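Scroll down for the structure; my scribbles are underneath it.
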Amino acid sequence: MKTNCIQKYTDHRQRIIDAMKEQAISKGFHKASMSEVAKSAELSVGQIYRYFAHKDDIICALVEQTTSYRLEFMSEFLNKQNWLARHVATPNETRHNMRILTIEIKAEAARNTVISNICYKSHLLLQNRAIEIMQERYPTMGKEEIIARIDLLITITEGFMTRWDDQREPPSTATINLYSKVLEDILPG
């Protein structure tokens, strides 16, 4: 009996998080009303408040899940082989939605200290995992240099990914070559 209650609690929470994610991708967090989230989750607004005290709490749970997802794929992200092809060459709805969600989270964090704080914690978790991976791959590289390389890779990647949604054609050969050269400088060997 207790296991069923825990499972129901977990299922309802996940439905709410998924509904908020869906609303954020289609409308943005600001336009996502609790009634629309409830409808999408097939719950009442009152039921949502049994699981989350505020809309911010749902967004924080979404940030935590997104962080967990990124932690799982950190090693792949730091693998430079076919990097550009894996990230932008083939249209992918999941990747596109993740870009939208990332932009929405960053915009919300710029306005909301609660979301900003959870994003900072997420950043530290992701950075620490990336440092571990880089230290294994480049044992002679200092931590400060690793952090600089990770920060540069993320900055270039986020900028490229954000801009890429506006492009109508695949990256040119010159773009691919330049990006590959920069990637080689950041992740040598």
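The values are calculated or read from the model by the stated rules, or taken from the named source; none is laboratory data. Fair warning: this is a prediction, and the values are worked out from it, not measured in the lab. Glycine gets a Cβ as well: all are built from the backbone with ideal geometry, and neighbour counts include every protein chain shown. Calculation scope for accessible area: heavy atoms of the full protein, side chains included, ligands and nucleic acids excluded. Shrake-Rupley method; radii C 1.70, N 1.55, O 1.52, S 1.80 Å.
Listed values, structure above:
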| quantity | calculated |
| --- | --- |
| In order through the stretch 74-84: 3J(HN,Hα) via Karplus (6.51 cos²θ - 1.76 cosθ + 1.60), integer Hz, x for Gly, Pro | 4, 4, 5, 4, 8, 8, 7, 5, 6, 4, 4 |
| Calculated FRET efficiency for the pair Glu42/Glu132, C-beta based, R₀ 41 Å, to 0.05 | 0.55 |
| Integer Hz, Karplus 6.51/-1.76/1.60 couplings in order for the stretch 177-189, x for Gly and Pro | 5, 5, 4, 4, 5, 5, 4, 5, 5, 6, 10, x, x |
| Along each principal axis, Cα extent of the stretch 97-157, largest first, Å | 40, 22, 15 |
| Exposure rank, largest accessible area first [Leu153, Leu124; 1.4 Å] | Leu124, Leu153 |
| Residue with peak Gaussian network fluctuation, the chain [Cα springs, cutoff 10 Å], from Gln23, Gln127, Gln81 | Gln81 |
| For the stretch 137-189: rounded, prolate or oblate by the Cα gyration tensor [a/c cutoff 1.5] | oblate |
| For the chain, calculated [θ]222 nm from helices alone, where every DSSP H run of n ≥ 4 adds -39500 (n - 2.57) | -25000 deg cm²/dmol |
| Fluctuation leader among Ile146, Ile118, Ile176 - the chain, Gaussian network, Cα springs under 10 angstrom | Ile176 |
| Value of Rg to Rh for the stretch 1-99 (Rh from inverse mean 1/r over Cα pairs, i.e. Kirkwood) | 1.07 |
| Whole-Hz couplings from phi, Karplus 6.51/-1.76/1.60, listed for the stretch 63-71; x for Gly and Pro | 4, 4, 5, 5, 5, 4, 4, 5, 4 |
| Cα-based convex hull, the chain, per residue volume (Å³, whole number) | 143 Å³ |
| Kirkwood hydrodynamic radius over Cα pairs of the stretch 80-189, then Stokes diffusion coefficient at 4 °C and 1.567 mPa s, in µm²/s | 83 µm²/s |
| Accessible area of Phe160 in the full protein assembly, 1.4 Å probe (Å², nearest 10) | 40 Å² |
| Gyration tensor verdict on the stretch 65-132 (Cα atoms; rounded if a/c is under 1.5, prolate if a/b is larger than b/c, oblate otherwise) | oblate |
| Listed residues Trp164, Trp83 arranged by accessible area, highest first, probe 1.4 Å | Trp164, Trp83 |
| Nearest-10 value in Å² for the accessible area of Thr157, using the 1.4 Å probe | 10 Å² |
